[in-house]
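Presented below is the structure to which this report refers.
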Amino acid sequence: MKKWLTFLLMAMLALVLAACTANKDAGKEPDEKTDPAPETEEGEGNEETGSGEKILYLNNGEEPTSFDPSIGFNAVSWSALNNIMEGLTRLDEDHKAVEATAEKIDISDDGLTYTFTIRENAKWSNGDPVVAGDFVFAWKHMLNPETASPAAFLAYFIDGAEAYNTGEGSADDIAIEAKDEKTFVVTLTSPNEAFLNIITNPSFFPINEKVATADPTWHTEAATFVGNGPFKLSAWDHDVSFEFEKNEHYWDAAAVKLDKVHWAMVNDSTTSYQMYQSNELDVSGVPSELADQLKDSDELRIDDQAGLYFYRFNTSMEPFQNKKIRRAFGLAVDRDEIVNFVTKNGEKPARGFVTYGFIGPDGKEFRESVGDLVSYDPEEAKRLLEEGMKEEGYTELPEITLSYNTSESHQNIAIALQSKFKEVLGVDAKLQNVEGGVFLSEQKEFKYQMSRSSFLHDYADPVNALESFITGSSMNRTTWSNPDYDKLITDIKNETDENKRWELLQQADKLLMEEMPVFPLYFYNQTTLEKPGVSGILRHPVGYVDLKYADKN
């Protein structure tokens, strides 16, 4: 108990320090699709201006990774991209994929060929018509090996896509075609019921070919950015804020109620909340230290979200090449303490990698069917550490460093892990805090021994989370490779019998947690404070913040 009280005091001190040092870089969460959505607190707001314009004030947490839809593959880019650009389909209020830039979708009897008819009045923010060739250009750009898009794997179900992306085929072999200016045809390798949902991901948004060809840096500044969404990018003060205006050229502009959306970039939850209190933000996350106080607030809303917060091991870096040592650290973590005393936002502890919210063909919840695959077990953790050290010939464990990107919440969680590793394993782990953009880049380069991460689903299927850890995946970032696991994921994608497929998915979750190149901490929810008068913001369990129907009175 004394050790836990010591941890709480350390966490409180960290909160005070974080609040005192907040700056324009506040808010770093460029993780893989990662990142927790909770990090990119989607919102914040302000009073109306004297002009009578409806301006919504939100917080993006940090600088978007990129507004090139092929590169901005994470939470800090998605919410913005989903409102300044639009794909063939869009998620509706029931979280279903419906026609968007495409007004009509025809599917062949064998489920392999999709023909999209693009709306005649679909236009870019500069007035150009959106044409089928813009989709061909964008999707080939995403799959081009030189683009190095972290989202490319999502398109591998398209015939010829994987071969081109891996350097074994050509762009001409990808089965996408502009039959004419308004007809876009796609052929898949096998039927995929999730296809229309998958292409709501910003990675499948079109790019104005004429603009991008003339200026490859078109997406880096507001003055050159051209989108086709409900809003247009009107201002961008890098690392400080950006702003949207209603896009008068959007095909459904009549449905858009807001005049402007202003996004701050503040990653400190206490500062964000203070801005919310002073009406500088219309939406805010809930600081963990105020969670109990605000849990009954009329302004609090809790939405489901498919994703999780976890840590990665670098399995090529000592001592985590040893599975038993990896498991020892994973079992030394008390996830209930994390959610009850650190994050305090009502999250569910994660005892497997696949989140709640996926119902199998048997009508049962995936997570409940598989059960707990990793839990707090101090004695087993000690035993595994001892055995692993003997296997490696260690008389002393190599120095352990936990790396995380700048954020008050990341810091508090890292302190909690540090405390548990000392208490259970007797390990004095060091903490390393790294600026967000640098952190993501270096994590991809395998420079960290143990590093925090997050995952948000791109589409509503367990395989989306599990496929991240196949050999060579840009989402893997652990160097872990297992041929049995790779085969499981391949079999899952080719299996047409839903019952058999569900069994394979469960096997994959079990194998991942047994090998433990990663250890999960908690599953996300979306806990936000929203000002009275704000309405219509869509937050999808699997998807992105949608402001198309948002309003502010």
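Hey, how much of the P(r) for segment 465-548 falls beyond 23 Å, as a percent of Cα pairs?
Numbers: 1521 of 3486 pairs.
Within segment 465-548, distances greater than 23 Å cover 44 percent of Cα pairs.
Which value, in debye to the nearest 20, gives the size of the charge dipole of segment 319-435 about its Cα centre, when Lys and Arg are +1 and Asp and Glu are -1 at the Cβ? Don't skip to the answer; put the middle values down first.
Numbers: 16 positive and 21 negative charges, 31 e Å.
Once rounded to the nearest 20, the dipole reads 140 debye.
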> Looking at Ile176, Gly307, Val370, which one has the Cα that reaches farthest to the positive end of the dipole of the chain (charges on Cβ: Lys, Arg +1; Asp, Glu -1)?
Replying inline: Val370
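In debye to the nearest 20, how big a dipole does the chain give about its Cα centre with +1 on each Lys and Arg Cβ and -1 on each Asp and Glu Cβ? Walk me through the intermediate numbers first.
Numbers: 51 positive and 97 negative charges, 223 e Å.
Approximately 1080 debye in magnitude.
Let me make sure I get this right: for segment 307-374, a, b and c are the square roots of the gyration tensor eigenvalues over alpha carbons, sorted descending. Under 1.5 in a/c it's rounded, otherwise prolate if a/b > b/c, else oblate. Which is it?
Working: a/c = 2.53, a/b = 1.43, b/c = 1.77.
In terms of gyration-tensor shape, oblate.
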>> Principal axis extents for segment 505-553, Cα atoms only, whole Å, descending order, please.
In response: 52, 19, 14
> Hey, which aspartates and glutamates would be in cross-link range of Lys140, C-alpha to C-alpha under 15 Å, not counting anything within fewer than 8 residues on its own chain?
Replying inline: Asp68, Asp159, Glu162, Glu168, Asp172, Asp173, Glu177, Glu209
> Per residue, what accessible area does segment 281-363 have, given a 1.4 Å probe and all protein chains present, in Å²?
Replying inline: 37
> Reachable lysines from Lys364, Cα under 29 Å, same-chain residues fewer than 8 places away excluded?
Replying inline: Lys33, Lys96, Lys344, Lys348, Lys487, Lys493, Lys500, Lys510
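Report, in deg cm²/dmol and to the nearest 500, the calculated mean residue ellipticity at 222 nm for the chain, where each DSSP H run with n ≥ 4 adds -39500 (n - 2.57) and the sum is divided by the residue count.
Working: 16 runs with 154 residues, N = 553.
Value at 222 nm, helices only, nearest 500: -8000 deg cm²/dmol.
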> Rounded, prolate or oblate: which one fits segment 350-453, using the alpha carbon gyration tensor with axes a ≥ b ≥ c (rounded when a/c is under 1.5, else prolate when a/b beats b/c, else oblate)?
Replying inline: oblate
>> Can you tell me what percent of all Cα-Cα pairs in segment 357-404 are more than 17 Å apart?
In response: 62
> If r is the Cβ-Cβ distance from Glu120 to Thr187 and R0 is 30 Å, what FRET efficiency results, to the nearest 0.05?
Replying inline: 0.75
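Residue separation times 0.36 nm, minus the C-alpha to C-alpha distance between Lys430 and Glu99: what's the value? The partial results should precede the final answer.
Details: separation 331, 0.36 × 331 = 119.16 nm, distance 5.01 nm.
Between Lys430 and Glu99, full extension yields 114.1 nm more.
What is the ratio of the Cα radius of gyration of segment 89-226 to 2.2 N^0.38 Å, where N is its residue count, to two decimals? Display every interim value, and only then the final one.
On the way: Rg = 14.7 Å, N = 138, 2.2 N^0.38 = 14.3 Å.
That ratio works out to 1.03.
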> Hey, can you rank 456-469, 327-340 by average C-beta count inside 10 Å, highest first?
Replying inline: 456-469, 327-340
> So, how do all the Cα-to-Cα distances of segment 181-261 break down into 10 Å bins, in percent, from 0 on up?
Replying inline: 14, 35, 34, 14, 2
> Roughly what % of DSSP beta bridges within the chain run antiparallel, to the nearest 5?
Replying inline: 80
> Taking the simple approach of a point 7 Å from Cα along Cα-to-Cβ for both Glu53 and Asp172, what is their distance in nm?
Replying inline: 4.9
> Taking every pair of alpha-carbon atoms in the chain, what share in percent sits in each 10 Å bin, from 0 to the bin with the longest distance?
Replying inline: 4, 18, 29, 26, 16, 5, 1, 0
>> Suppose the Debye formula is applied to equal point scatterers at every Cα of segment 406-503; what is log10 I(q)/I(0) at q = 0.20, 0.22, 0.23, 0.25 Å⁻¹?
In response: -1.06, -1.14, -1.19, -1.27
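With an 8 Å cut-off on Cα pairs and a minimum separation of 6 or more residues, tell me the relative contact order of the chain in percent.
Values: 1267 pairs, mean separation 117.3, N = 553.
Across the chain, relative contact order equals 21 percent.
Could you give the DSSP H helices of the chain that reach 24 angstrom or more along their long axis (alpha carbon positions) and whose average Kyte-Doolittle hydropathy is no lower than -1.0? Mind dumping the intermediate values first?
On the way: long enough: 2-20 (27 Å, 1.78); 498-515 (26 Å, -1.24).
Correct list, ordered by number: 2-20.
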> Is segment 371-427 best put as rounded, prolate or oblate by its Cα gyration tensor, with a ≥ b ≥ c the root eigenvalues, rounded for a/c under 1.5, and otherwise prolate when a/b is larger than b/c, oblate when not?
Replying inline: oblate
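The values are calculated or read from the model by the stated rules, or taken from the named source; none is laboratory data. Small disclaimer: the values here were computed from a predicted structure and weren't measured. Cβ: placed from backbone, ideal geometry, glycine included. Neighbour counts: every protein chain shown. Protein only, heavy atoms only, side chains kept; ligands, DNA and RNA dropped before computing areas. Shrake-Rupley method; radii C 1.70, N 1.55, O 1.52, S 1.80 Å.
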